[in-house]
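The next block holds one structure in the form of C-alpha coordinates; read it before the comments.
The values are calculated or read from the model by the stated rules, or taken from the named source; none is laboratory data. From a predicted model like this one, the values you see are computed outputs, not experimental measurements. Cβ placement follows ideal geometry from the backbone for every residue including glycine, while neighbour counts extend to all protein chains displayed.
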Amino acid sequence: MIGSLPDHWYFGRRPPSTVNGIEIQSGEKEGIRIDARARARLAPGCATGVWTSQVTPVASGRATVGWVSQWTTPVIFAKHAGNPIYGPGHSSGWDDWTNGVSIIPCENNTRYRMYFCSRSNGIGFAEASLNDPVTWKEHPASPVLKPRTDNWEGGHINQPRVVKVTETHWRMYYTGWGFPGKGSKWTFGLAESFDSGITWKRVQDDPLLERGAEPSCDDGGVFVPSFLRFGETWLMYYCAVMVAINGRLQVTMCLAQSQDGVHWEKYPGNPVLGDVFLDGSARSVTSRVYVRYDRGVFQIWYSFGKPGYRICYAESLDGIHWEQYEPAPVLEVSPAPAWDDDIVEYPEVQFVDNTWRLWFCGNNYGSVGYASAKPTASIAMEYRTGASNLPDAEWTSWQAVQDQQSVESKGFTQLRARLTQTDSAQPSPALTSAIIIPQA
(Lines give C-alpha, C1' and ligand atoms only; values in the text may rest on other atoms or scores of the structure.)
Protein backbone atom coordinates (compact mmCIF):
# COMPACT_ATOMS: atom_id res chain seq x y z
CA MET A 1 0.00 0.00 0.00
CA ILE A 2 2.56 2.58 1.07
CA GLY A 3 4.75 1.90 -1.94
CA SER A 4 2.08 3.29 -4.26
CA LEU A 5 1.87 6.63 -2.48
CA PRO A 6 3.82 9.81 -3.28
CA ASP A 7 7.55 10.07 -2.73
CA HIS A 8 6.92 12.64 0.00
CA TRP A 9 5.87 9.71 2.16
CA TYR A 10 9.51 8.77 2.74
CA PHE A 11 9.88 11.86 4.94
CA GLY A 12 10.13 10.74 8.53
CA ARG A 13 11.23 7.22 7.56
CA ARG A 14 14.44 5.81 6.12
CA PRO A 15 15.17 7.95 3.04
CA PRO A 16 16.04 6.39 -0.34
CA SER A 17 19.72 6.04 -1.24
CA THR A 18 19.43 9.04 -3.57
CA VAL A 19 18.56 11.33 -0.69
CA ASN A 20 20.95 12.92 1.78
CA GLY A 21 19.09 12.35 5.02
CA ILE A 22 20.43 14.42 7.91
CA GLU A 23 20.66 12.95 11.39
CA ILE A 24 18.67 15.19 13.69
CA GLN A 25 20.43 13.83 16.79
CA SER A 26 23.88 14.84 15.51
CA GLY A 27 23.15 18.51 15.04
CA GLU A 28 24.18 21.34 17.33
CA LYS A 29 21.46 22.26 19.81
CA GLU A 30 20.67 25.46 21.65
CA GLY A 31 17.50 25.35 23.74
CA ILE A 32 16.72 22.04 22.05
CA ARG A 33 16.22 18.49 23.31
CA ILE A 34 15.98 15.23 21.36
CA ASP A 35 12.83 13.32 22.25
CA ALA A 36 12.18 9.58 22.37
CA ARG A 37 11.30 9.59 18.65
CA ALA A 38 14.66 11.21 17.74
CA ARG A 39 13.03 14.58 16.95
CA ALA A 40 14.39 18.00 17.82
CA ARG A 41 12.03 19.81 20.22
CA LEU A 42 12.22 22.78 22.54
CA ALA A 43 13.87 22.10 25.86
CA PRO A 44 11.65 22.58 28.95
CA GLY A 45 11.12 26.26 29.71
CA CYS A 46 12.44 27.46 26.33
CA ALA A 47 10.23 29.52 24.03
CA THR A 48 12.79 29.39 21.21
CA GLY A 49 15.56 27.04 20.23
CA VAL A 50 18.03 26.56 17.38
CA TRP A 51 19.09 23.30 15.77
CA THR A 52 22.03 23.37 13.34
CA SER A 53 22.87 20.36 11.18
CA GLN A 54 26.27 18.91 10.53
CA VAL A 55 27.91 19.98 7.29
CA THR A 56 26.57 17.68 4.58
CA PRO A 57 28.32 16.94 1.27
CA VAL A 58 26.00 17.63 -1.67
CA ALA A 59 27.14 17.54 -5.29
CA SER A 60 27.61 20.98 -6.82
CA GLY A 61 24.58 22.22 -8.68
CA ARG A 62 20.93 22.53 -7.77
CA ALA A 63 19.42 20.67 -4.84
CA THR A 64 16.08 20.59 -3.05
CA VAL A 65 15.82 21.22 0.67
CA GLY A 66 12.99 19.54 2.53
CA TRP A 67 11.97 18.78 6.06
CA VAL A 68 9.07 17.52 8.13
CA SER A 69 7.80 19.47 11.12
CA GLN A 70 5.20 18.14 13.54
CA TRP A 71 3.04 19.58 16.29
CA THR A 72 2.79 23.05 14.82
CA THR A 73 -1.02 22.72 14.63
CA PRO A 74 -2.93 24.28 17.57
CA VAL A 75 -4.44 21.89 20.10
CA ILE A 76 -6.45 24.48 22.03
CA PHE A 77 -9.47 26.05 20.29
CA ALA A 78 -11.63 28.98 21.36
CA LYS A 79 -15.38 28.57 20.84
CA HIS A 80 -17.45 31.22 19.08
CA ALA A 81 -19.50 33.29 21.53
CA GLY A 82 -22.62 32.97 19.37
CA ASN A 83 -22.74 29.16 19.30
CA PRO A 84 -24.58 27.25 18.06
CA ILE A 85 -24.22 28.94 14.69
CA TYR A 86 -26.54 26.60 12.78
CA GLY A 87 -29.31 24.13 13.50
CA PRO A 88 -32.97 23.34 12.88
CA GLY A 89 -33.97 26.91 13.73
CA HIS A 90 -31.82 28.23 10.87
CA SER A 91 -33.16 26.00 8.11
CA SER A 92 -36.58 25.03 6.77
CA GLY A 93 -39.02 22.50 8.20
CA TRP A 94 -37.47 19.39 6.66
CA ASP A 95 -34.40 19.77 8.93
CA ASP A 96 -35.12 18.71 12.48
CA TRP A 97 -31.57 17.68 13.38
CA THR A 98 -28.53 19.35 11.78
CA ASN A 99 -25.94 16.60 12.04
CA GLY A 100 -22.56 15.55 10.71
CA VAL A 101 -21.53 18.52 8.56
CA SER A 102 -19.17 18.35 5.59
CA ILE A 103 -17.79 21.73 4.49
CA ILE A 104 -16.49 22.32 0.96
CA PRO A 105 -14.82 25.51 -0.36
CA CYS A 106 -16.25 26.47 -3.76
CA GLU A 107 -16.62 29.32 -6.25
CA ASN A 108 -12.87 29.94 -6.42
CA ASN A 109 -12.55 29.64 -2.64
CA THR A 110 -14.90 32.55 -1.99
CA ARG A 111 -17.75 30.53 -0.47
CA TYR A 112 -18.43 27.43 1.62
CA ARG A 113 -21.05 24.76 1.17
CA MET A 114 -22.03 22.87 4.32
CA TYR A 115 -23.79 19.55 3.79
CA PHE A 116 -25.77 18.15 6.73
CA CYS A 117 -28.53 15.67 7.48
CA SER A 118 -31.83 15.60 9.34
CA ARG A 119 -33.10 12.65 11.35
CA SER A 120 -35.17 11.06 8.59
CA ASN A 121 -35.69 13.57 5.75
CA GLY A 122 -32.32 13.33 4.06
CA ILE A 123 -29.35 15.57 3.31
CA GLY A 124 -29.29 19.26 2.35
CA PHE A 125 -26.82 22.10 2.40
CA ALA A 126 -26.31 25.70 3.40
CA GLU A 127 -23.87 28.33 2.11
CA ALA A 128 -21.64 30.97 3.67
CA SER A 129 -18.97 33.41 2.61
CA LEU A 130 -15.43 32.19 3.20
CA ASN A 131 -14.89 35.46 5.07
CA ASP A 132 -17.79 34.77 7.43
CA PRO A 133 -17.69 31.11 8.52
CA VAL A 134 -20.45 31.49 11.14
CA THR A 135 -23.30 32.93 9.03
CA TRP A 136 -25.06 30.29 6.94
CA LYS A 137 -28.14 30.28 4.72
CA GLU A 138 -29.88 27.12 3.58
CA HIS A 139 -29.88 26.52 -0.18
CA PRO A 140 -33.42 26.23 -1.61
CA ALA A 141 -32.58 22.92 -3.35
CA SER A 142 -32.46 21.22 0.07
CA PRO A 143 -32.91 18.40 0.77
CA VAL A 144 -30.80 17.17 -2.15
CA LEU A 145 -30.70 13.47 -1.24
CA LYS A 146 -33.61 11.70 0.44
CA PRO A 147 -33.37 8.26 2.11
CA ARG A 148 -34.76 5.08 0.61
CA THR A 149 -36.93 2.74 2.67
CA ASP A 150 -36.64 -0.31 0.44
CA ASN A 151 -32.98 -1.19 0.92
CA TRP A 152 -30.06 -1.03 3.36
CA GLU A 153 -30.60 2.70 3.97
CA GLY A 154 -33.68 1.86 6.03
CA GLY A 155 -35.28 5.28 5.68
CA HIS A 156 -32.38 7.04 7.43
CA ILE A 157 -29.21 8.50 5.90
CA ASN A 158 -26.74 10.74 7.66
CA GLN A 159 -23.14 11.93 7.98
CA PRO A 160 -22.48 13.16 4.41
CA ARG A 161 -18.82 13.47 3.39
CA VAL A 162 -18.42 15.43 0.15
CA VAL A 163 -15.28 15.24 -1.99
CA LYS A 164 -14.44 17.18 -5.15
CA VAL A 165 -13.27 15.02 -8.07
CA THR A 166 -13.22 18.08 -10.35
CA GLU A 167 -14.70 21.54 -9.92
CA THR A 168 -18.04 20.28 -11.25
CA HIS A 169 -17.89 16.55 -10.46
CA TRP A 170 -18.45 15.96 -6.75
CA ARG A 171 -19.00 12.83 -4.70
CA MET A 172 -21.04 12.37 -1.54
CA TYR A 173 -20.37 9.39 0.70
CA TYR A 174 -23.30 8.96 3.08
CA THR A 175 -24.12 6.50 5.86
CA GLY A 176 -27.29 4.42 6.06
CA TRP A 177 -28.68 3.56 9.47
CA GLY A 178 -29.85 0.16 8.31
CA PHE A 179 -33.17 -1.66 8.12
CA PRO A 180 -33.67 -5.09 9.72
CA GLY A 181 -34.06 -7.79 7.12
CA LYS A 182 -32.97 -5.52 4.26
CA GLY A 183 -29.20 -5.97 4.32
CA SER A 184 -26.30 -4.69 6.39
CA LYS A 185 -26.65 -2.13 9.13
CA TRP A 186 -24.32 0.84 9.36
CA THR A 187 -22.82 0.85 5.89
CA PHE A 188 -22.38 3.70 3.42
CA GLY A 189 -23.25 4.53 -0.15
CA LEU A 190 -22.19 6.95 -2.84
CA ALA A 191 -24.00 9.68 -4.78
CA GLU A 192 -22.51 11.96 -7.43
CA SER A 193 -23.16 15.47 -8.66
CA PHE A 194 -22.06 16.95 -11.98
CA ASP A 195 -23.22 20.50 -11.28
CA SER A 196 -20.93 21.35 -8.34
CA GLY A 197 -23.05 19.82 -5.62
CA ILE A 198 -26.58 21.02 -6.42
CA THR A 199 -28.25 17.85 -7.72
CA TRP A 200 -27.26 14.32 -6.74
CA LYS A 201 -27.80 10.79 -8.03
CA ARG A 202 -26.84 7.51 -6.38
CA VAL A 203 -24.08 5.56 -8.11
CA GLN A 204 -25.40 2.11 -7.14
CA ASP A 205 -28.13 0.45 -5.10
CA ASP A 206 -25.77 -1.56 -2.92
CA PRO A 207 -23.52 -0.24 -0.15
CA LEU A 208 -20.07 0.87 -1.23
CA LEU A 209 -18.29 -1.13 1.47
CA GLU A 210 -19.61 -4.13 3.36
CA ARG A 211 -18.95 -5.16 6.93
CA GLY A 212 -16.17 -7.63 7.63
CA ALA A 213 -16.71 -11.26 8.47
CA GLU A 214 -16.97 -12.20 12.14
CA PRO A 215 -14.84 -11.84 14.09
CA SER A 216 -13.21 -8.67 12.80
CA CYS A 217 -12.92 -5.05 13.87
CA ASP A 218 -15.66 -3.99 11.40
CA ASP A 219 -18.06 -6.94 11.58
CA GLY A 220 -20.77 -4.72 13.10
CA GLY A 221 -20.65 -1.76 10.74
CA VAL A 222 -18.59 0.46 8.41
CA PHE A 223 -19.57 4.11 8.23
CA VAL A 224 -18.69 7.83 8.18
CA PRO A 225 -15.58 7.85 5.98
CA SER A 226 -13.03 10.64 5.54
CA PHE A 227 -10.85 10.85 2.44
CA LEU A 228 -7.46 11.90 1.12
CA ARG A 229 -6.38 11.90 -2.53
CA PHE A 230 -2.81 11.47 -3.81
CA GLY A 231 -3.14 11.66 -7.59
CA GLU A 232 -4.99 8.50 -8.59
CA THR A 233 -4.71 6.97 -5.12
CA TRP A 234 -7.53 7.44 -2.64
CA LEU A 235 -7.21 6.78 1.07
CA MET A 236 -10.30 6.34 3.19
CA TYR A 237 -10.42 6.42 6.99
CA TYR A 238 -13.69 4.91 8.12
CA CYS A 239 -15.34 4.08 11.42
CA ALA A 240 -15.74 0.40 12.24
CA VAL A 241 -18.03 -1.26 14.77
CA MET A 242 -17.07 -4.55 16.32
CA VAL A 243 -19.99 -6.70 17.39
CA ALA A 244 -20.47 -6.00 21.09
CA ILE A 245 -18.95 -8.51 23.47
CA ASN A 246 -20.36 -8.70 27.00
CA GLY A 247 -22.36 -5.54 26.32
CA ARG A 248 -19.33 -3.41 25.45
CA LEU A 249 -19.36 -1.14 22.40
CA GLN A 250 -16.12 -0.77 20.43
CA VAL A 251 -15.73 1.60 17.48
CA THR A 252 -12.32 2.12 15.91
CA MET A 253 -10.85 3.85 12.86
CA CYS A 254 -9.85 1.71 9.89
CA LEU A 255 -8.11 2.37 6.59
CA ALA A 256 -8.84 1.38 2.97
CA GLN A 257 -7.30 2.26 -0.40
CA SER A 258 -8.78 2.74 -3.86
CA GLN A 259 -7.66 3.76 -7.32
CA ASP A 260 -11.03 5.21 -8.31
CA GLY A 261 -12.81 6.17 -5.08
CA VAL A 262 -15.45 3.51 -5.69
CA HIS A 263 -13.80 0.09 -5.30
CA TRP A 264 -11.97 -0.30 -2.02
CA GLU A 265 -9.38 -2.63 -0.50
CA LYS A 266 -9.22 -2.72 3.30
CA TYR A 267 -5.85 -2.40 5.02
CA PRO A 268 -5.02 -5.84 6.49
CA GLY A 269 -3.61 -4.32 9.68
CA ASN A 270 -6.87 -2.60 10.70
CA PRO A 271 -7.77 -0.91 12.97
CA VAL A 272 -5.21 1.92 12.80
CA LEU A 273 -6.58 4.05 15.66
CA GLY A 274 -8.73 3.20 18.65
CA ASP A 275 -8.94 1.90 22.16
CA VAL A 276 -9.39 -1.77 23.04
CA PHE A 277 -10.78 -1.57 26.58
CA LEU A 278 -7.42 -1.99 28.27
CA ASP A 279 -8.87 -0.29 31.35
CA GLY A 280 -12.03 -2.41 31.43
CA SER A 281 -14.42 0.34 30.31
CA ALA A 282 -17.82 -0.53 28.86
CA ARG A 283 -17.65 1.84 25.89
CA SER A 284 -14.86 3.06 23.61
CA VAL A 285 -15.76 4.95 20.45
CA THR A 286 -13.33 6.52 17.97
CA SER A 287 -15.74 8.00 15.47
CA ARG A 288 -16.37 10.61 12.77
CA VAL A 289 -12.81 11.61 11.93
CA TYR A 290 -11.53 14.45 9.79
CA VAL A 291 -8.16 13.70 8.19
CA ARG A 292 -5.78 16.12 6.51
CA TYR A 293 -2.31 15.77 4.93
CA ASP A 294 0.24 18.56 5.00
CA ARG A 295 3.89 18.32 3.89
CA GLY A 296 4.63 14.82 5.09
CA VAL A 297 2.32 14.76 8.11
CA PHE A 298 -1.12 13.21 8.44
CA GLN A 299 -3.34 15.15 10.83
CA ILE A 300 -6.54 13.75 12.27
CA TRP A 301 -9.30 15.17 14.45
CA TYR A 302 -11.69 12.57 15.83
CA SER A 303 -14.61 12.07 18.18
CA PHE A 304 -13.63 9.98 21.18
CA GLY A 305 -16.31 8.72 23.51
CA LYS A 306 -15.38 7.02 26.77
CA PRO A 307 -18.12 7.45 27.68
CA GLY A 308 -19.01 11.02 26.55
CA TYR A 309 -17.70 12.45 23.29
CA ARG A 310 -14.81 14.89 23.18
CA ILE A 311 -12.77 15.97 20.14
CA CYS A 312 -9.18 14.70 20.09
CA TYR A 313 -6.20 15.03 17.77
CA ALA A 314 -3.35 12.84 16.46
CA GLU A 315 -0.52 12.96 13.91
CA SER A 316 1.19 10.32 11.77
CA LEU A 317 4.07 10.10 9.32
CA ASP A 318 2.71 7.13 7.37
CA GLY A 319 -1.04 7.35 7.84
CA ILE A 320 -1.06 4.11 9.82
CA HIS A 321 0.83 4.63 13.09
CA TRP A 322 -0.51 7.57 15.11
CA GLU A 323 0.80 9.72 17.93
CA GLN A 324 -2.11 11.07 19.95
CA TYR A 325 -2.17 14.40 21.73
CA GLU A 326 -2.33 13.81 25.46
CA PRO A 327 -3.64 14.30 28.02
CA ALA A 328 -6.49 16.67 27.08
CA PRO A 329 -8.91 16.80 24.15
CA VAL A 330 -8.50 19.68 21.72
CA LEU A 331 -12.14 20.63 22.29
CA GLU A 332 -13.93 20.12 25.61
CA VAL A 333 -17.55 20.60 26.66
CA SER A 334 -18.71 24.03 27.85
CA PRO A 335 -19.67 24.77 31.45
CA ALA A 336 -23.32 24.00 32.21
CA PRO A 337 -25.84 25.11 31.28
CA ALA A 338 -24.93 25.19 27.59
CA TRP A 339 -25.95 23.59 24.31
CA ASP A 340 -22.67 21.60 24.39
CA ASP A 341 -22.20 20.96 28.12
CA ASP A 342 -22.53 17.17 27.75
CA ILE A 343 -20.71 16.20 24.55
CA VAL A 344 -18.79 17.74 21.63
CA GLU A 345 -18.24 15.65 18.52
CA TYR A 346 -18.03 15.34 14.69
CA PRO A 347 -15.18 17.74 13.79
CA GLU A 348 -14.81 19.40 10.40
CA VAL A 349 -11.65 21.46 9.82
CA GLN A 350 -10.39 24.13 7.41
CA PHE A 351 -7.23 26.28 7.43
CA VAL A 352 -7.74 29.83 6.10
CA ASP A 353 -5.61 32.97 6.49
CA ASN A 354 -3.39 31.42 9.15
CA THR A 355 -6.43 30.42 11.20
CA TRP A 356 -7.66 26.93 11.99
CA ARG A 357 -11.44 26.68 11.73
CA LEU A 358 -13.31 23.89 13.48
CA TRP A 359 -17.04 23.11 13.16
CA PHE A 360 -18.59 20.56 15.49
CA CYS A 361 -21.84 19.26 16.97
CA GLY A 362 -22.94 19.40 20.62
CA ASN A 363 -25.58 17.82 22.85
CA ASN A 364 -27.92 15.42 21.06
CA TYR A 365 -25.73 15.64 17.94
CA GLY A 366 -28.14 18.04 16.24
CA SER A 367 -26.70 21.59 16.14
CA VAL A 368 -23.48 23.07 14.80
CA GLY A 369 -20.91 25.15 16.66
CA TYR A 370 -17.71 26.88 15.59
CA ALA A 371 -14.27 27.27 17.16
CA SER A 372 -10.98 28.68 15.92
CA ALA A 373 -7.29 28.84 16.77
CA LYS A 374 -4.11 30.54 15.59
CA PRO A 375 -0.82 28.64 15.29
CA THR A 376 1.38 29.10 18.35
CA ALA A 377 4.35 27.00 17.25
CA SER A 378 6.53 27.17 14.15
CA ILE A 379 9.76 25.97 12.58
CA ALA A 380 11.69 28.23 10.20
CA MET A 381 14.58 26.79 8.17
CA GLU A 382 17.75 28.41 6.77
CA TYR A 383 20.62 27.05 4.71
CA ARG A 384 24.13 28.00 3.69
CA THR A 385 26.60 26.40 1.28
CA GLY A 386 30.28 26.43 0.39
CA ALA A 387 33.05 24.54 -1.38
CA SER A 388 34.96 23.53 1.79
CA ASN A 389 33.88 20.95 4.34
CA LEU A 390 34.07 23.55 7.11
CA PRO A 391 32.21 26.86 6.93
CA ASP A 392 34.60 29.73 6.22
CA ALA A 393 34.53 33.22 4.72
CA GLU A 394 33.84 31.77 1.26
CA TRP A 395 30.57 30.20 2.36
CA THR A 396 27.29 31.99 1.71
CA SER A 397 25.46 33.68 4.54
CA TRP A 398 22.42 32.01 6.11
CA GLN A 399 19.36 32.32 3.88
CA ALA A 400 15.73 31.50 4.57
CA VAL A 401 14.45 28.48 2.66
CA GLN A 402 10.99 26.99 2.20
CA ASP A 403 10.14 23.32 2.24
CA GLN A 404 10.77 21.77 -1.20
CA GLN A 405 12.65 24.86 -2.39
CA SER A 406 15.40 24.51 -4.96
CA VAL A 407 18.75 25.94 -3.83
CA GLU A 408 22.33 26.14 -5.08
CA SER A 409 24.93 23.75 -3.68
CA LYS A 410 28.64 24.51 -3.90
CA GLY A 411 29.62 21.07 -2.68
CA PHE A 412 28.70 21.27 1.01
CA THR A 413 25.52 22.47 2.68
CA GLN A 414 24.32 23.14 6.22
CA LEU A 415 20.79 23.63 7.57
CA ARG A 416 19.62 25.62 10.58
CA ALA A 417 16.13 25.43 12.09
CA ARG A 418 14.62 27.88 14.55
CA LEU A 419 11.83 26.44 16.70
CA THR A 420 9.42 28.90 18.29
CA GLN A 421 6.50 28.55 20.66
CA THR A 422 4.30 31.31 22.12
CA ASP A 423 1.97 29.14 24.25
CA SER A 424 3.67 26.77 26.68
CA ALA A 425 0.36 24.98 27.29
CA GLN A 426 0.54 23.51 23.79
CA PRO A 427 3.01 20.86 22.55
CA SER A 428 6.48 21.89 21.47
CA PRO A 429 7.04 21.89 17.71
CA ALA A 430 9.10 18.93 16.52
CA LEU A 431 11.63 18.82 13.71
CA THR A 432 11.17 15.23 12.58
CA SER A 433 13.50 14.95 9.58
CA ALA A 434 15.51 17.02 7.11
CA ILE A 435 16.88 16.13 3.70
CA ILE A 436 18.79 17.59 0.78
CA ILE A 437 18.02 16.05 -2.63
CA PRO A 438 20.50 16.64 -5.47
CA GLN A 439 18.74 17.52 -8.71
CA ALA A 440 19.63 15.65 -11.86
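Miscellaneous remarks
- Candidates V144, V134 - the one that is hydrophobic (A, V, I, L, M, F, W, C), closer than 28 Å to A81 by Cα and assigned by TED's automatic domain parsing to the domain that holds S102: V134
- Only one of the listed residues (D342, D403, D423) is of a type in the set (D, E), touching a residue at least 24 places away in the same chain (Cβ under 8 Å), within 17 Å of D294 (Cα to Cα) and surrounded by 14 or more Cβ atoms within 10 Å (Cβ to Cβ). That residue is D403.
- Within the range 122-160, the only residue that satisfies the criterion of being among the hydrophobic types (A, V, I, L, M, F, W, C) and surrounded by fewer than 15 Cβ atoms within 10 Å (Cβ to Cβ) is A141.
- Count of the range 100-121 residues which are surrounded by 21 or more Cβ atoms within 10 Å (Cβ to Cβ) and not basic (K, R): 10
- Against the list (1) within 30 Å of V55 (Cβ to Cβ); (2) outside the structural domain of A63 (by TED's automatic domain parsing), the condition R357 fails is (1).
- Test: V163 is among the β-branched types (V, I, T), in contact with a Cys (Cβ under 8 Å, 6 or more places away or on another chain) and surrounded by 15 or more Cβ atoms within 10 Å (Cβ to Cβ): no
- Tally of residues being over 22 Å from the mean Cα position of the chain (by Cα) and either modelled with pLDDT of 95 or more or part of a loop (DSSP other than H, G, I, E, B) (or both) across the range 63-97: 14
- One residue stands out in the range 279-311 among those that are outside any strand (DSSP E or B) and either at pLDDT 95 or above or of a type in the set (G, A, S) (or both): the one that is farthest from G220 (Cα to Cα), namely G296.
One line per residue, one yes/no per condition, for (1) assigned by TED's automatic domain parsing to the domain that holds F298; (2) under 25 Å from T396 (Cβ atoms); (3) in contact with a Ser or Thr (Cβ under 8 Å, 6 or more places away or on another chain):
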residue	(1), (2), (3)
V55	no, yes, yes
R62	no, yes, yes
P88	yes, no, yes
T98	yes, no, yes
S102	yes, no, no
C106	yes, no, yes
N109	yes, no, no
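- Of all the criteria given as (1) of a type in the set (S, T, Y); (2) over 19 Å from V101 (Cβ atoms); (3) at pLDDT 95 or above, the one not satisfied by S193 is (2).
- In the range 384-440, residue farthest from Y325 (Cα to Cα) [restricted to those that are under 23 Å from the mean Cα position of the chain (by Cα) and charged (D, E, K, R)]: D403
- Residue pairs meeting the criteria (Cβ under 6 Å; at least 6 apart or on separate chains; first closer than 20 Å to L145 by Cβ, in the range 85-112; second among the basic types (K, R)): D96/R119; W97/R119; S102/R161; I104/R113; C106/R113
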